[in-house]
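Novice: Take a look at the following structure, please.
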């Protein structure tokens, strides 16, 4: 069988540097090839080169051939002229991108954005194009397609927008669909829907798919063949089962070892660090103490944000961000708050530290109510609770040396130690001591997150709130930081409130898990109980949607459809019902439906 | 494309340096007597060896007057921008960092002042106070304050919402320390850029005020006054307009280029 | 609807504040109206009598009340210099200035948008450098200097256009445009330079967005991608900046109208300031600030009309 696309010795440069050095692989008709790699691997540049879009971003194809098998015979896209490329783009190769929120032109209707591509490639009248656009929206299963045609992008949810972008890419029945991280910005349930949709369209139309991703779990779910890239080179290619079962390249092995797999903690009593390639230290589980000692007790915590509007911009409604949330976190343990975007998990963490002011409830830390403290007393209490933020690039002051940033909390609380203590903290987070004189921009993302951890440890807190602390990191770096956090917990008897959207990571690190939905905890219990015996419908939906990094367990067939999450905005006079729970096991409680 | 050592950076920086040193050393290089010396036989004379840039309607040497004009122009514009920074910085930082009702009140006031075109405001203040050297500074300074306060407030607001400020708050940092260590260093680069561009605008404003007779007063040298005086002799002595006009243009161009380059170099949002 | 009401309320409040500021600024004058009328050497008793009769001895707040009531009821007082009722005088001059403001804005936008888009498309290439440097030069020259150069070239040297005076459009439209052309061009050149820079930076950021890549991936021609997909998104921001520049224009007309002896609002304001005609200063300054406010209001409302993201329920 001749390849649909044959990439041969591709070399792409940006200015002086080569982003893609020597890349060769084929895509056969009707197959899904996943290009996987971490940031800087050149996977996106490869796909943009195939579309010859890389030139618009300042890149240049320096060498190599990009042969597309067209009906009129093979053609090297690297040398094709502008007119030919315009026929191929959207006509023979469709492409979808990462950010559904910015992928559509905000000032044009959906109809216009669907039809102008169609009419570019096919001689259709306005009516015919409109009919075809409607057909396409039905094909990507958008609810109420007729209405969508007249709408503007901002009126659609992220998932719907990504469906529209797919419809645009599918408009002229391309023989190849390039998907560049199409689900990275989406929630896990929407991700599952979109992956299932791409799979179905591929089956029904027989097109090939070139799928770019950093997520090995997604690869396992969707790929026929896999191309692993690292720093501009292909390190390994092979069928998906082969790659996962017998990775040959060192890099692939390390990558796979760093990926937490949902379900692999089954039967284990306590969280344990990931076993990484090249790290031969013994892996010790984090067994909690026999008699749990409560550290943080949250009772009926409620946080609402005003929605301003109307004449004179009065408060017209409220976002019920956190609604009657109660849980207990024990000393030396990790409790995870898990849920999709907008579920209130971050607001909950910030409310506990009073970085936002809750409306009601109580938060006891070692017996003292955080919410009852005066401002100076609160400042004093903050010594016992620290926070690590998501974005390692924004959570450090770019104009301050790291030493000043690490010692700042100590100065605030009059703790002695200064530079010596800061140096010890760097030892603690496995960074060289001379980093103290550096500025944040001289560090990588993972190193910055280690600095953020060192800064949090500076005042020896008993509680650390980690808000999506590893979400922005590449998977191998993520694994190292997770291991570090677990190590610190074992050594320093730390308690973590671990806020995350990633079920597999949560399963790995938690003693207890609370699943949040629309501001409430819908299910809470020991990690094993929640993951192995989920009771609430939403927990089950989440578990069903999470891709598993194992090609033997595929679950994205058929047409997945999850219930969309309703809005958490309510009128001012709305009186929500209290959260009432059924106990279904030891410490395992499920929200009673109202 | 970044760095000072691009064509634009060298040119802009060079002009700024040149104009600043001329302004600084003009009184030493050009004794007052030279610039006020009237050569009645050589009124409105074209460029010559004795007068490289020609003379004005009173036979005064245009090059000397242009150099002295640089001094008053830079002095007035610089002090005025400094004045608006001294007022605008605390206003903007307090407004942006603390927010709340104070922010609402201050920004309402600033928005109201912004409805007055800056030149109109400066002219009115100058006319009301009586045009002279000090009042020109005050007039331009007041007229520019709302612009700077608005920009500084926006920057302070942006920085106040950054995770590192929240992290510092969670680490027990108080408001004063927060402003000194976290907010000010991070808003400085855009403010320096803005101050450079404001300096360019202030030079244009000073020239405009003097041109209308509501800024620097004769017999002091000023580019705006020189252009004003040239109006009646354009046909016979166009250089009387070209010399001060070119001086303004080159100075402002240099400052604007310098500002553009500073923005590229200093702004962390543009630089990666 | 709530948005419009909020904007109108805000404009009303700002206008009130504008009137207050205008009144306060003009009252810190060392002299007062009586002194301007009678001269500084006048007899103190006569001066005092005039003050009393003009109500200048009343508390400032009472004087402000009287002034603002007059402004609201259409009684704007009489100019000391022109010995005329201020209301009709300003109405007449505003029409003249509107002509050059509209003309200069049209000149500036017609040139700036294509030039800015062109520079953004060829970002960092010679085309961009040429356009950007020209624009930088444009914003660096004072507009009165442009004015003098234009007078030299078009009026003195080529003799194509008149260099001074104003003709009412209702009397002779062609003559009005001919007289307004050079001042409008002098204003428009600096404005054009500024708007070119603005269009360039807006288009540069738009062209870097994902939906532009999506449009290219559809196979649309570059012309469609840039001039439809790109420009449709740039129009709003560029229009907003152009609206804000109306304020700048109303400052610049003071200089330019005086230079060209073009008897509009700028010229009138200048005469008022030069002669310390306090009632006239108050009215002209207030009217200019109000016109600027209302222009910005109109631009905001237009933005709402063209951008689907801001919806009016």
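The values are calculated or read from the model by the stated rules, or taken from the named source; none is laboratory data. Since the structure is predicted, the reported quantities are computational estimates derived from the model, not experimental observations. Reconstructed Cβ throughout: ideal geometry from the backbone, glycine too, with neighbour counts over all protein chains shown.
Novice: How many of the residues in region A:174-184 are in contact with a helix residue (DSSP H, G or I) (Cβ under 7 Å, 6 or more places away or on another chain) and touching a residue at least 60 places away in the same chain (Cβ under 8 Å)?
Specialist: Restricting attention to region A:174-184, the residues satisfying the condition of being in contact with a helix residue (DSSP H, G or I) (Cβ under 7 Å, 6 or more places away or on another chain) are A:177-180, A:182-183.
Subset that is touching a residue at least 60 places away in the same chain (Cβ under 8 Å): A:177-180, A:182.
Of the residues in that region, 5 qualify.
Novice: For residue C:101, are the conditions met, namely being more than 10 Å from chain B (Cβ to nearest Cβ), more than 24 Å from residue C:265 (Cα to Cα), crowded, with 22+ Cβ neighbours inside 10 Å and out of contact with any strand residue (DSSP E or B) (no Cβ under 9 Å at 6 or more places or on another chain)?
Specialist: no
Novice: With respect to residue C:276, determine if the residue is within 30 Å of residue A:309 (Cα to Cα) and assigned to a loop (DSSP other than H, G, I, E, B).
Specialist: Values: within 30 Å of residue A:309 (Cα to Cα): no; assigned to a loop (DSSP other than H, G, I, E, B): yes.
No; evaluated as a whole, the condition is false for this residue.
Novice: Determine whether residue B:207 is within 19 Å of the chain's Cα centre (by Cα), modelled with pLDDT of 90 or more and either more than 10 Å from every other protein chain (Cβ to nearest Cβ) or under 27 Å from residue B:45 (Cα atoms) (or both).
Specialist: Numbers: within 19 Å of the chain's Cα centre (by Cα): yes; modelled with pLDDT of 90 or more: yes; either more than 10 Å from every other protein chain (Cβ to nearest Cβ) or under 27 Å from residue B:45 (Cα atoms) (or both): yes.
Yes, satisfied.
Novice: Hey, another quick one. With respect to residue B:229, is the statement that it is within 8 Å of another protein chain (Cβ to nearest Cβ), closer than 24 Å to residue C:154 by Cβ and surrounded by fewer than 23 Cβ atoms within 10 Å (Cβ to Cβ) true? Let's see the steps before the verdict.
Specialist: Numbers: within 8 Å of another protein chain (Cβ to nearest Cβ): no; closer than 24 Å to residue C:154 by Cβ: yes; surrounded by fewer than 23 Cβ atoms within 10 Å (Cβ to Cβ): yes.
Here the answer is no, as residue B:229 does not meet what is asked.
Novice: Also, quick follow-up: How many of the residues making up region A:115-124 are closer than 16 Å to residue A:166 by Cβ and facing chain C (nearest Cβ under 7 Å)?
Specialist: 1
Novice: When region A:87-114 is examined, which residues are found to be free of Cβ contacts under 8 Å to residues at least 12 places away in the same chain and within 9 Å of chain C (Cβ to nearest Cβ)? Please lay out each step first, then the result.
Specialist: From region A:87-114, those free of Cβ contacts under 8 Å to residues at least 12 places away in the same chain are A:102, A:112; that's our starting set.
Correct list: A:102 only.
Novice: Kindly indicate which of A:355, A:396 is outside any helix (DSSP H, G or I), out of contact with any strand residue (DSSP E or B) (no Cβ under 6 Å at 6 or more places or on another chain) and within 25 Å of residue A:324 (Cα to Cα). Quick ask: steps written out before the conclusion?
Specialist: Details: A:396 fails: within 25 Å of residue A:324 (Cα to Cα).
Every option except A:355 fails the conditions.
Novice: Separate question: What's the number of the condition residue C:114 fails, among (1) closer than 30 Å to residue C:289 by Cα; (2) part of a helix (DSSP H, G or I); (3) touching a helix residue (DSSP H, G or I) at 6+ places or on another chain (Cβ under 9 Å); (4) more than 13 Å from chain B (Cβ to nearest Cβ)?
Specialist: (1)
Novice: Counting only residues that are closer than 20 Å to residue B:95 by Cβ and within 12 Å of another protein chain (Cβ to nearest Cβ), give me the helices (runs of 4 or more DSSP H) lying completely in region B:110-198 with at least 3 of them. Steps first, please.
Specialist: Working: elements: B:118-129, B:133-160, B:163-170.
In region B:110-198, the matching helices (runs of 4 or more DSSP H) lie at B:133-160, B:163-170.
Novice: Considering each of A:260, A:239 in turn, give the residue that is over 23 Å from residue A:11 (Cβ atoms) and surrounded by fewer than 19 Cβ atoms within 10 Å (Cβ to Cβ).
Specialist: Result of the check over A:260, A:239: A:239.
Novice: How many residues are facing chain B (nearest Cβ under 10 Å) and surrounded by fewer than 21 Cβ atoms within 10 Å (Cβ to Cβ) if we restrict to region C:143-162?
Specialist: 5
Novice: Among the candidates A:350, A:304, which residue alone is part of a helix (DSSP H, G or I) and away from chain C (no Cβ under 14 Å)? Walk me through it before giving the result.
Specialist: Details: A:304 fails: part of a helix (DSSP H, G or I).
Sole residue among the options that is part of a helix (DSSP H, G or I) and away from chain C (no Cβ under 14 Å): A:350.
Novice: Any idea which of (1) under 17 Å from residue B:194 (Cα atoms); (2) surrounded by fewer than 20 Cβ atoms within 10 Å (Cβ to Cβ); (3) within 14 Å of chain C (Cβ to nearest Cβ) is the one residue B:86 doesn't satisfy?
Specialist: If we test residue B:86 against (1) under 17 Å from residue B:194 (Cα atoms); (2) surrounded by fewer than 20 Cβ atoms within 10 Å (Cβ to Cβ); (3) within 14 Å of chain C (Cβ to nearest Cβ), just (3) comes out false.
Novice: Another question, then. Filter region A:509-546 for residues that are out of contact with any strand residue (DSSP E or B) (no Cβ under 8 Å at 6 or more places or on another chain) and free of Cβ contacts under 8 Å to residues at least 60 places away in the same chain and give the result.
Specialist: Result: A:537, A:540.
Novice: Do we have residue C:237 as more than 14 Å from chain B (Cβ to nearest Cβ) and either assigned to a helix (DSSP H, G or I) or buried (at least 22 other Cβ atoms within 10 Å of the Cβ) (or both) here? Before you say what the answer is, go through the steps one by one.
Specialist: Numbers: more than 14 Å from chain B (Cβ to nearest Cβ): yes; either assigned to a helix (DSSP H, G or I) or buried (at least 22 other Cβ atoms within 10 Å of the Cβ) (or both): yes.
In short, yes.
Novice: Any chance region C:57-77 includes a residue that's buried (at least 21 other Cβ atoms within 10 Å of the Cβ), out of contact with any strand residue (DSSP E or B) (no Cβ under 8 Å at 6 or more places or on another chain), under 25 Å from residue B:249 (Cβ atoms) and touching a residue at least 60 places away in the same chain (Cβ under 8 Å)?
Specialist: no
Novice: Let me spell it out: the conditions are (1) in contact with a helix residue (DSSP H, G or I) (Cβ under 7 Å, 6 or more places away or on another chain); (2) surrounded by fewer than 23 Cβ atoms within 10 Å (Cβ to Cβ), and residue A:171 meets all of them except one. Which number is the exception?
Specialist: Only one criterion is unmet by residue A:171, namely (2).
Novice: Yes or no: residue C:140 within 14 Å of chain B (Cβ to nearest Cβ), under 20 Å from residue C:283 (Cβ atoms) and either surrounded by 17 or more Cβ atoms within 10 Å (Cβ to Cβ) or in contact with a strand residue (DSSP E or B) (Cβ under 9 Å, 6 or more places away or on another chain) (or both)?
Specialist: Numbers: within 14 Å of chain B (Cβ to nearest Cβ): yes; under 20 Å from residue C:283 (Cβ atoms): no; either surrounded by 17 or more Cβ atoms within 10 Å (Cβ to Cβ) or in contact with a strand residue (DSSP E or B) (Cβ under 9 Å, 6 or more places away or on another chain) (or both): yes.
So residue C:140 fails the test.
Novice: Same structure again: For residue C:96, all conditions in the list (1) away from chain B (no Cβ under 14 Å); (2) assigned to a helix (DSSP H, G or I); (3) more than 27 Å from residue C:238 (Cα to Cα) hold save one; what is the number of the exception?
Specialist: All conditions pass for residue C:96, except number (3).
Novice: Based on what the data block shows, is residue A:332 assigned by TED's automatic domain parsing to the domain that holds residue A:518 and touching a helix residue (DSSP H, G or I) at 6+ places or on another chain (Cβ under 6 Å)?
Specialist: Taking the combined requirement at face value, the residue does not satisfy it.
Novice: How many of the residues making up region C:199-220 are in contact with a strand residue (DSSP E or B) (Cβ under 7 Å, 6 or more places away or on another chain) and part of a loop (DSSP other than H, G, I, E, B)? Please lay out each step first, then the result.
Specialist: To start, the set of residues in region C:199-220 that are in contact with a strand residue (DSSP E or B) (Cβ under 7 Å, 6 or more places away or on another chain) comprises C:216-219.
From the residues that got through so far, the ones that are part of a loop (DSSP other than H, G, I, E, B) too are C:218-219.
Qualifying residue count, region C:199-220: 2.
Novice: Can you tell me how many residues within region A:167-206 are assigned to a helix (DSSP H, G or I), within 14 Å of chain C (Cβ to nearest Cβ) and touching a strand residue (DSSP E or B) at 6+ places or on another chain (Cβ under 9 Å)? Lay out the reasoning, then the answer.
Specialist: Initially, region A:167-206 is screened for residues assigned to a helix (DSSP H, G or I), giving A:167-170, A:188-205.
Filter once more, so that each one left must be within 14 Å of chain C (Cβ to nearest Cβ): A:167-170.
Filter again for touching a strand residue (DSSP E or B) at 6+ places or on another chain (Cβ under 9 Å), leaving A:168-170.
Adding up the residues that qualify gives 3.
Novice: Need pairs with beta-carbon distance below 6 Å; first residue on the phi > 0 side of the Ramachandran plot and assigned by TED's automatic domain parsing to the domain that holds residue C:263 and within region C:163-187, second surrounded by 17 or more Cβ atoms within 10 Å (Cβ to Cβ) and in a helix (DSSP H, G or I); sequence gap 6+ or separate chains.
Specialist: Between residues of region C:163-187 that are on the phi > 0 side of the Ramachandran plot and assigned by TED's automatic domain parsing to the domain that holds residue C:263 and residues that are surrounded by 17 or more Cβ atoms within 10 Å (Cβ to Cβ) and in a helix (DSSP H, G or I), the close pairs are C:165/C:179.
Novice: A further question follows. Could you list all residues from region A:374-391 that are crowded, with 17+ Cβ neighbours inside 10 Å and either in contact with a helix residue (DSSP H, G or I) (Cβ under 7 Å, 6 or more places away or on another chain) or outside any helix (DSSP H, G or I) (or both)?
Specialist: A:381, A:382, A:385, A:386, A:387, A:388, A:389, A:390, A:391 - these are the residues of region A:374-391 that are crowded, with 17+ Cβ neighbours inside 10 Å and either in contact with a helix residue (DSSP H, G or I) (Cβ under 7 Å, 6 or more places away or on another chain) or outside any helix (DSSP H, G or I) (or both).
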